[in-house]
Structure formats: C-alpha cells, structure tokens
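Worksheet for the structure shown next.
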Amino acid sequence: MWSEFLTPIVLVSLVATTLQTMTPILYAALGETVAERAGVYNMGLEGTMLMAAFASFAAMHATGSGLVGIGAGALTGLVVCLLLALLAVLLQVEQIIAGLALNLLAIGATGFAYRVLYPSGSLPTITPIPAPEIPFLSSIPFIGPALFQQSLLTYLALAMVPVTAFFLFRTRAGLQLRCAGENPKALDTRGLSVPARQLAALTFSGLMGGVAGAFIVVTAASQWVPNISNGRGWLAIVAVIAGGWRPGRVLIATLVFAFLDAVQIQAQGIGVAMPFQVLLAAPYVLAIVFLVVQRSRAAAPAMLGTVYRRGS
C-alpha cells in the first residue's frame, strides 16, 4: 500500500502539503533563531502562536478580512513577546520559566476568551484565504500545482530565510545582535546597549511567531480548535537547534519535520495499514533524535539564556 505514495497525484499532494505545513514552523523558527542569537530563549513561542492564532480568528470572524486577521495575529505576537522581554530582559526573570508561564497563560486565555466572545455553545466559522495561482507556472504538469499554488505567506517565509541570514551575518546590526548572545560585555564596553538588542530580537521573534499563528488560521481553519498551534512552536525551537542557529540549515530541518507530518496526513488519506498515532508522532520522535544528536556538537550562542549584568 506504500507504493501508492509513488503515484503522481499523491506525490504532488505530498509536496504541496509539506510546503503548507512548513510555513508556520519556518516563520516561528526564524524568529527564534534571531532571539537566541541575541542570547534570549523564547520558550513562549508555542503560546505566542496560539494567542496570535486566536486573535487572527476573532479578527477575521468579525471583519471577514484575511489581511486584518494576519495583522491581528502579528500584533498579538508582538505584544506577547514584549511581555516576555519585560520579564526576561528588563526584570531578568529566568528566561525558560518566563516562557513556560506564557505558554500556560496562552492556553487559559484563549479558552476563556473563546467562551466570552462566543457564548451559548455557538460555533463561529470563517472562510480561509484561497491560495492564488501563479499564471503559467501553476500550469506546469506535476510541479506546477505543488509549488505555484501556495499562499503568498509561504513564498514570503522562504524569502525571509536569505533576508534573515544576510541580516545576521552581513550587517553591522546583525553582528551587534550576535555579540549580545556571544559576548555581551564586549558590546557593553563599547557603549552599546545589550538589552536594546535583545528587545529588538524579541520584537522580531514576536512578529514572526504572530504571523505563524495567523497563517494556521487564515489559510486552513474554518472553526476554532483549542490548542490549534498543535506543538508547532516546540518544533520550531527544535528546528533552530537542529539547524545550528543558521537560517539556511533551519529551513532544511523545518522541511524535514513538515515532510514527515505531510507523510502521516497522506498515509491516513490513502489508508496505510499502520496505527495513525505512530505516523502522527513521527515528527516529534525525530525532534528528540535531533536533540540527542546535536547535543554534543551544537554551536549555541555562548551566553544563551544567561542574564547579563553590568560589572559581572
């Protein structure tokens, strides 16, 4: 039955699903890459995506506009990460604890807000934004429908990979941001603010996480589902580690996770004789393997997760 994966229709669907699944993880992972390069763990990434997804759903339901939904998601992601910046950078709360607290807050806040906004068991629905077809290219046999009938946000996510890499490794601002994660004292002795760089990094991470959460809703959801982010934020964090904190490698890790998720979706669709729970767990099992393999050779920023105090 696995031979059915080799049919053109299934292969096209597999590639298309991989790109769609990759998109929110890649947005979140690129934001996390920048934050961690600046020395800050954004362990609240899952919660950021969840709250952004809810804000996007509510805004889209109220206005009917997918663009408004994306904007609401991005703004919500920004606000959540500014809260994290307040806790972790300004108040110097332990970063991992602050992030996990935001994740717990997101679960409770979205559940409460849903009951308040949509009482009496109502089931509000939205209409996802259809993916546009790129003229001529989308008509190419086999690869056309898979590669050129994706959301514009997918193409933007792919474009952000070289943009992020260029910023981090080819600009003075990127060098200063990386210095905040590697040697903040050197940055401080030159009269440059370490917290300002970390705040900027978390701002970017929040915007990217917000767009990631919005993408889940505006391109696929018709109804709100609790915990709709479904662990994608955690996969994004693992993708950053697996990719060695370099955007190009992070993209490869993200594609691997997305491909495995797409395989389990297609396998259930064609009726592969295997418990679907095994296929569903495959991306997360691989994530654990990545963490084990990378444990001894990961090149994490030297001061990642360490609070810098002047004079220390």
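Summary of computed values
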item	result
Test: residue in segment 23-40 that is open to solvent by 30 Å² or more (accessible area, probe 1.4 Å) and not hydrophobic (A, V, I, L, M, F, W, C)	no
Pairs, first touching a residue at least 60 places away in the same chain (Cβ under 8 Å) in segment 35-50, second assigned to a helix (DSSP H, G or I) and of a type in the set (D, E, K, R), C-beta under 7 Å, six or more apart	37/178; 38/197; 42/32; 45/32; 49/232
Scan of segment 173-187 for residues that are small (Gly, Ala, Ser) and either open to solvent by less than 30 Å² (accessible area, probe 1.4 Å) or at pLDDT 95 or above (or both), ordered by number	173, 174, 180, 181
Whichever residue in segment 225-244 is among the hydrophobic types (A, V, I, L, M, F, W, C) and assigned to a loop (DSSP other than H, G, I, E, B) and, among such residues, is least open to solvent (accessible area, probe 1.4 Å)	228
Meets criteria (within 25 Å of residue 303 (Cβ to Cβ), aliphatic (A, V, I, L, M) and touching a Lys or Arg at 6+ places or on another chain (Cβ under 9 Å)) for residue 187	yes
Helices (runs of 4 or more DSSP H) contained entirely in segment 1-93, each with at least 1 residues that are in contact with a strand residue (DSSP E or B) (Cβ under 9 Å, 6 or more places away or on another chain)	45-63
Leading residue by the ranking (nearest to the chain's Cα centre (by Cα)) among those in segment 215-224 that are open to solvent by less than 70 Å² (accessible area, probe 1.4 Å) and of a type in the set (S, T, N, Q)	219
Count of residues meeting criterion [in a helix (DSSP H, G or I) and open to solvent by 60 Å² or more (accessible area, probe 1.4 Å)] in segment 94-120	10
Conditions (1) surrounded by 18 or more Cβ atoms within 10 Å (Cβ to Cβ); (2) free of Cβ contacts under 8 Å to residues at least 12 places away in the same chain; number of the one not met by residue 190	(1)
Extreme residue, nearest to residue 56 (Cα to Cα), among residues of segment 140-164 that are more than 19 Å from the chain's Cα centre (by Cα) and open to solvent by less than 90 Å² (accessible area, probe 1.4 Å)	149
Residue 207 being open to solvent by 60 Å² or more (accessible area, probe 1.4 Å), farther than 15 Å from residue 37 by Cβ and at pLDDT 95 or above	yes
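Matching residues to (1) more than 28 Å from residue 309 (Cα to Cα); (2) among the small types (Gly, Ala, Ser):
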| position | (1), (2) |
| --- | --- |
| 69 | yes, yes |
| 74 | yes, yes |
| 82 | no, no |
| 85 | no, yes |
| 101 | no, yes |
| 125 | yes, no |
| 129 | yes, no |
| 143 | yes, no |
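The values are calculated or read from the model by the stated rules, or taken from the named source; none is laboratory data. Predicted, not measured: the structure shown is a model, and the values here were computed from it. Virtual Cβ from ideal backbone geometry, glycine too; neighbours counted across all protein chains shown. In case anyone asks, the SASA skips ligands and DNA or RNA and just uses the protein heavy atoms, side chains included. Shrake-Rupley method; radii C 1.70, N 1.55, O 1.52, S 1.80 Å.
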